[in-house]
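Student: The structure is given below, and queries will be raised subsequently.
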Amino acid sequence: MDAKRILAIIGLCAWGALIITTIIVAFIVDEKTHALFNGLIAADIILPVLIWVLLMIGRAVKRRREQYSEFENNSHEEDNNKK
């Protein structure tokens with residue numbers, strides 16, 4: 001398995017554990033668990049969005065690197081052709 005797939009499996013397991021914990025805490029009635037429940041709900045929403053944003057940034061950086069390397073290769077080829 002490649003590293004991306006392993007990281008994806010780890011991320012899904014962590015997110016699943018977070019959701020299960022949220023469900024368990026939802027049934028516990030206590031003043032302290034109310035704040036914990038609110039935090040878990042926020043994490044359930046923020047974590048996937050954050051991962052999506054990081055993936056989009058990673059793709060954009062990868063495209064920029066590819067464009068830059070193509071530009072560098074083309075400029076070196078032009079320099080070699082001029083000689």
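Student: Determine the pairs where a residue that is touching a residue at least 24 places away in the same chain (Cβ under 8 Å) and part of a helix (DSSP H, G or I), located within the range 31-57, has a partner that is surrounded by 12 or more Cβ atoms within 10 Å (Cβ to Cβ) and polar (S, T, N, Q) with Cβ atoms under 6 Å apart, the partner being 6 or more residues away or on another chain.
Tutor: Cβ pairs passing all conditions: 44/22.
Student: Being charged (D, E, K, R), at negative phi and surrounded by 10 or more Cβ atoms within 10 Å (Cβ to Cβ) is the requirement here; does residue 70 meet it?
Tutor: yes
Student: Could you tell me which residue of the range 1-18 is nearest to residue 48 (Cα to Cα), considering only residues that are hydrophobic (A, V, I, L, M, F, W, C) and exposed (fewer than 10 other Cβ atoms within 10 Å of the Cβ)?
Tutor: 3
Each value in this text was obtained by applying a stated rule to the coordinates, not by laboratory testing. Just so it is clear, the model here is predicted, and its values are computed rather than measured. Cβ sites come from the backbone with ideal geometry, for glycine too, and all protein chains shown count toward neighbours.
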